[in-house]
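Below: one structure, written as structure tokens.
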Amino acid sequence: MEQSAPIAPARKAYPSDLRDGEGAVLEALVPAVKPGGRLARHSRREIVNAILYVVRGGNQWWAMPHDLPPWQTAYYYFRNWRDDGTWEAIHTALCERTRRHLGRAATPSAAISATAAASAPHPPLGMRVAREGASGYTGAHERARQRAACSGCG
């Protein structure tokens, strides 16, 4: 006997909800209900909608509306999918899909490192540290900005 989640009840859509096309793409990427055990009370799409409500809106988990799955359920799946690499796999698949849609190779052929000298109007990191001397400036912000610039899927 196959386990399947019930069809989501009709409710007013939130701006953060998946559209039908997005839901179809993510359906293949989100883990299915495991065989055995209890039947799922909520569809995977509604769980993703609940997670997106919190993530896109910057809301608290416990402040989710009552017509979405309980916050404990949404957080459970968010945490499990974070820990098992599901979110990373979804991100990678969507980046590759977007790149193909734009006519580019699925994965970048080379990474371009945005250095402080090339991307900002201020002097490179080493010169800033020497100039500011004993002020306690470590350059951690500069390195974090450089990592963020290099980690995009563009």
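Give the number of residues within the range 80-117 that are at pLDDT 55 or above, farther than 17 Å from GLU27 by Cα and among the aliphatic types (A, V, I, L, M).
7
Could you say whether any residue in the range 77-91 is in contact with a helix residue (DSSP H, G or I) (Cβ under 6 Å, 6 or more places away or on another chain) and assigned to a loop (DSSP other than H, G, I, E, B)?
No - not one qualifying residue is present in the range 77-91.
Which one of the conditions (1) closer than 28 Å to THR98 by Cβ; (2) in a helix (DSSP H, G or I) does TRP62 fail to meet, given that it meets all the rest?
Answer for TRP62: the failing condition is (1).
Report the residue count in the range 56-79 for those that are closer than 19 Å to LEU29 by Cβ, surrounded by fewer than 15 Cβ atoms within 10 Å (Cβ to Cβ) and modelled with pLDDT of 95 or more.
2
Can you name the residue in the range 15-55 that is of a type in the set (Ser, Thr, Tyr) and under 18 Å from the mean Cα position of the chain (by Cα) and, of all such residues, is surrounded by the fewest Cβ atoms within 10 Å (Cβ to Cβ)?
SER16
Just to verify a result, which residue in the range 15-53, among those that are charged (D, E, K, R) and part of a helix (DSSP H, G or I), is farthest from TRP87 (Cα to Cα)?
ASP20
Do any residues in the range 28-43 that are in contact (Cβ under 8 Å) with a residue 24 or more places away in the chain have Cβ atoms under 6 Å from those of residues that are among the polar types (S, T, N, Q) and part of a loop (DSSP other than H, G, I, E, B), where the two are at least six apart or on different chains, and which pairs are they?
Final answer for the pair search is VAL33/GLN3; LEU39/GLN3.
The values are calculated or read from the model by the stated rules, or taken from the named source; none is laboratory data. The model shown is predicted, which means the values in this text are computed figures rather than measured ones. As a convention, Cβ positions derive from the backbone with ideal geometry for all residues, glycine included, and neighbour counts pool all protein chains shown.
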